[in-house]
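Beneath this line is the structure, given in structure tokens, with notes to follow.
The values are calculated or read from the model by the stated rules, or taken from the named source; none is laboratory data. All values reported here derive from a predicted model rather than from experimental measurement. Cβ placement follows ideal geometry from the backbone for every residue including glycine, while neighbour counts extend to all protein chains displayed.
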Amino acid sequence: MKYLRAADTDIDITTLRPVDQHSQAARLRIRISKPEELRFVGNDHWRFALRRAFYRAQADLNAEHGIAKRSIRFASDEVKYRDWSHGTDYVEIALTRPTTDDDIGALLNRVRHHTDERFGIGEWKRHPLTAVGIRSDVHTIFYEVEIDEDHDHVANRLHWWNTQKTVDTRLAVQGGYFAPNSETVNAKDYVDQLWLIRRGHRLHLRMLVRPRPNPYNIVAALLGKPSWFPYAKHPARRLDIFVPVDDRQQDFLHPSCEHCQRRIPVNILDVPHHPRLCPPCQDTQETAHAVTAG
Ligand SMILES: [Zn+2]
């Protein structure tokens, strides 16, 4: 087999086998995990690395699942702006031919091999072909960032945060040649929940944040600092990514928290974060963390 070049003139076209790289016969969503030491590596790199791993896996298996070339999307693409976090992410990828679940399992095993375990390839699920893309399904991102501040100071700021209607912060504006570099927004519009946990002598802020700001933007807004850069010295860990849930609809699959009655967030694979508790209540009720919620 060889590839065609524009300069190849005398080709017997009956010998050609066109390769379909665009049809989508199956769509998958896969839970992955990005390593901490590569937290500054952007998604464009990961997109190519993952595509290469899928091609190699397919060649190993002598299979013809076909990877739809431009179909690879990450849930964290929705952050757009210096997403220096590691940990849980989800990728969506389309296959050009119908494939059984067993074959997909075998393929992902080989992909795992070709990514040198750099991506923790986790659970996966088929996603309907007609449904919206993964980025549209990102509602909130669950982050954790270590901070160096004194506990009482942060607890006071959390209390202050809860009493404010607006907390001004500046966010970079993406794109547009003549667009301003940054604009002032209300940080609270992007934060669903924000709490502090203590592990030994170390303090971590945990938060459920809507896409656009990175977690350091929120730390800076909470602590009243103009720049988020100093907070980026500690790695931000992404613990999960959640889809929108309809608050009016009570159902068995999407339960409410037993402790605070909030809806328990549901991840990109449609699995609730916990069977009974929302993330901050889980920290309060089930873990040894000391929790300060402001
Ligand atoms: Zn709760």
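Here are a few things to note about the model shown:
- Single condition PRO226 does not satisfy, out of (1) modelled with pLDDT of 90 or more; (2) over 21 Å from the mean Cα position of the chain (by Cα); (3) more than 24 Å from TYR90 (Cβ to Cβ): (1)
- Put simply, of ILE32, ILE67, ILE11, ILE93 the only residue that is without any contact (Cβ under 8 Å) to a residue 40 or more places away in the chain and among the β-branched types (Val, Ile, Thr) is ILE11.
- Condition met for PRO235 (crowded, with 18+ Cβ neighbours inside 10 Å and either touching a residue at least 40 places away in the same chain (Cβ under 8 Å) or among the basic types (Lys, Arg) (or both)): no
- Looking only at residues in region 261-271 that are more than 12 Å from the ligand (Cβ to nearest atom) and of a type outside the set (A, V, I, L, M), the one that is surrounded by the most Cβ atoms within 10 Å (Cβ to Cβ) is ASN267.
- Taken over region 254-271, residues that are under 21 Å from ILE30 (Cβ atoms) and over 22 Å from the mean Cα position of the chain (by Cα) amount to 0.
- Among all residues of region 119-131, there is none that is under 20 Å from LEU205 (Cβ atoms), of a type outside the set (Gly, Ala, Ser) and part of a strand (DSSP E or B).
To keep it simple, each residue is scored yes or no on (1) at pLDDT 95 or above; (2) touching a Pro at 6+ places or on another chain (Cβ under 8 Å); (3) surrounded by 13 or more Cβ atoms within 10 Å (Cβ to Cβ); (4) not acidic (Asp, Glu).
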position	(1), (2), (3), (4)
HIS114	no, no, yes, yes
VAL145	yes, yes, yes, yes
ASN162	no, no, no, yes
LEU171	no, yes, yes, yes
TYR177	no, no, no, yes
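- Check on GLU78, part of a loop (DSSP other than H, G, I, E, B), touching a helix residue (DSSP H, G or I) at 6+ places or on another chain (Cβ under 9 Å) and surrounded by fewer than 21 Cβ atoms within 10 Å (Cβ to Cβ): no
- Residue in region 45-58 that is assigned to a loop (DSSP other than H, G, I, E, B) and either on the phi < 0 side of the Ramachandran plot or modelled with pLDDT of 90 or more (or both) present: no
- Condition check for GLU144: assigned to a loop (DSSP other than H, G, I, E, B) and either among the charged types (D, E, K, R) or within 13 Å of LEU205 (Cβ to Cβ) (or both): no
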